[in-house]
Amino acid sequence: VLALGLDPGVKEDQLITDEKYATAAGAINFGFPVLSDVDIPQILPTGICTYEHVVSGIPLDKIVSRAIEVRDIKIKITEIPIPVPYGAGFEGERVRKEQMQVEFGGKRTVAFELLRGKSMQEVEDGKIEIVGPEVDQVEQGAALPLGMLIEVAGRKFQEDFETVLERRNHAFISCANGIFHMGQRAIVWIRISKEAFNKGFRLKHLGEILIAKIHDEYSAIVDKVQVKIITDEEKMKAPLEEAREIYRERDERIGGMKDEDVDTLYSCILCQSYAPDHVCIVTPQRLGLCGAYTWLDCKASFELNPRGPNEPVKKGRCLEEVKGQWEGVNEYLKLKSHGNLERFNAYSMIEDPMTSCGCFECIAAILPETNGIMIVNREFTEMTPVGMTFSTMAGQVGGGIQTPGFIGMGKLYITSEKFISADGGIKRLVWMPKGLKEEIRQRLENRLAEIGEPDLLDKIATEEDATASEDLVKFLQAKGHPALSMEPMM
């Protein structure tokens, strides 16, 4: 890169000497872009140079970063500037309650993370902004809200890549010693241990990790990264609502794709650090149980990083059309579960269901006395008709084992045509928390209208109607819920 400054001795309309203009022309001829803090004529179209040829009027304090961008130089941060050890050996480390200095999200506060692509002018590479109290300003054991906004820019970056990079936060943050990360989107849970805190770990170091690792792994498409971390509850409300709208738009991208339309599914083993034998098989009509990865997201992830957590899986010969079992998927499952799992049914929660890790948005559980199922989301902390809270059930369902009668899943799957279709589908749904029911009401109404059961929504109980199984049965009988007269699930 050739950088040129003002020459005071030349004519006012010339700005720099003839020699400098000639040198600039020579540099361009060799493919070197020219930058200047002086307003010399610009040559912005690409051609001989990778990008722009002459860029002028750049403030001196921005000229180095602009030179890196125009010359297409890729930054690699070899040592992340954080006060704790960092490496894959710490991924999957738990921080127990008694070890914790502070936490974000989980059951105590709201926490979310969102990654967005922006223009090159909107992102200042390496910038970290903290809005709200730092972890050293609250008591030990406190819980803070958290909004983590990551903005990236790159000439080759596409909107389809946002979810892929955003979901990688889990692995990036988990590799820091003494830092626990679980979940995604608006159900994030992060803990900082006392040991990490005492070594000097603060919120800004979360930003340092994300900036370094995104540059390291995605330099082909990302040139700049900036991070804003919000812990002020009031200032987090507007970004949270915006994030939820973006999540909804992402969910709708998969559109009308059907499982039958493709011969290739995708895997996700991102969570094997916590559940070594867990394998997600993502289909067009069944997204990952975390709710963050659709079939299209996994496809984009593989294109970005063929050696990453998502791989194409050929269906192969169909073994069980109704249950959704394929020979190629079973072979892949056996390999990636280290021989611990042999088969999987995509559309059943009773027979050989998919495994769960711990990042699921919801859990579906069979209620034998009702001949139906209940669904509980992570945000609901009260008792459920199955006699367990979400957290208790999560301990039973997670860990990468098949648990017939229980599955972890994403919220979008509830209104899929393939939702436990081998077991009777959505007509089996007898109970769910009111908050979840309202959140997906529009999609529920549309799906129930499709199957000719528009009145079923009012027959699905919430915690306001029943929390004990005997009360639930009475409610269902009074409403005439169709699950009571369907074939036995077991």
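Does Ala422 satisfy the condition of being modelled with pLDDT of 95 or more, surrounded by 22 or more Cβ atoms within 10 Å (Cβ to Cβ), of a type outside the set (S, T, N, Q) and within 20 Å of Thr283 (Cα to Cα)?
When the stated conditions are applied, Ala422 does not pass them.
Name every residue in the range 263-316 that is within 16 Å of the chain's Cα centre (by Cα), in a loop (DSSP other than H, G, I, E, B) and surrounded by 24 or more Cβ atoms within 10 Å (Cβ to Cβ), in order of residue number.
Listed by number, the residues that qualify are Leu287, Gly288, Leu289, Cys290, Gly291, Ala292, Tyr293, Thr294, Asn310.
Hey, among Thr392, Thr381, which residue is at pLDDT below 95, assigned to a helix (DSSP H, G or I) and surrounded by fewer than 14 Cβ atoms within 10 Å (Cβ to Cβ)?
Sole residue among the options that is at pLDDT below 95, assigned to a helix (DSSP H, G or I) and surrounded by fewer than 14 Cβ atoms within 10 Å (Cβ to Cβ): Thr392.
Which one of Gly178, Gly183, Gly200 is within 17 Å of the chain's Cα centre (by Cα), within 26 Å of Gln99 (Cβ to Cβ) and of a type outside the set (A, V, I, L, M, F, W, C)?
Answer to the selection: Gly183.
Give Leu448, Leu457, Leu472 a once-over and let me know the one that is in contact (Cβ under 8 Å) with a residue 60 or more places away in the chain, in the same structural domain as Thr389 (by TED's automatic domain parsing) and not aromatic (Phe, Trp, Tyr).
Residue meeting the stated conditions: Leu472.
I'd like to verify a number: residues in the range 361-378 that are buried (at least 22 other Cβ atoms within 10 Å of the Cβ) and either on the phi > 0 side of the Ramachandran plot or among the charged types (D, E, K, R) (or both), how many?
Qualifying residue count for the region: 3.
Can you pull out the residues in the range 469-480 that are closer than 22 Å to Met388 by Cβ and of a type outside the set (Phe, Trp, Tyr)?
Ser469, Glu470, Asp471, Leu472, Val473, Lys474, Leu476
If a residue must be within 36 Å of the chain's Cα centre (by Cα) and either at pLDDT 95 or above or outside any loop (DSSP other than H, G, I, E, B) (or both), how many such residues does the range 466-480 contain?
Looking only at that region, the number is 2.
Scan (1) out of contact with any Lys or Arg (no Cβ under 8 Å at 6 or more places or on another chain); (2) closer than 18 Å to Ile80 by Cβ; (3) surrounded by fewer than 22 Cβ atoms within 10 Å (Cβ to Cβ) for the single condition Asn169 breaks and write down its number.
Looking at each condition in turn, Asn169 falls short on (3).
As an exercise: evaluate Ala483 against (1) within 26 Å of Glu321 (Cα to Cα); (2) of a type in the set (Gly, Ala, Ser); (3) assigned to a loop (DSSP other than H, G, I, E, B) and give the number of the one condition it does not meet.
(3)
What do you reckon, is Arg185 basic (Lys, Arg), assigned to a helix (DSSP H, G or I), in contact (Cβ under 8 Å) with a residue 40 or more places away in the chain and touching an Asp or Glu at 6+ places or on another chain (Cβ under 9 Å)?
No: the conditions fail for Arg185.
Checking Asp160 against (1) outside any loop (DSSP other than H, G, I, E, B); (2) surrounded by 19 or more Cβ atoms within 10 Å (Cβ to Cβ), which test does it fail?
(2)
The values are calculated or read from the model by the stated rules, or taken from the named source; none is laboratory data. As the structure is a computational prediction, the values presented were derived from the model and not from experiment. Here the Cβ is made from the backbone with ideal geometry for all residues, glycine too, and neighbour counts use every protein chain on show.
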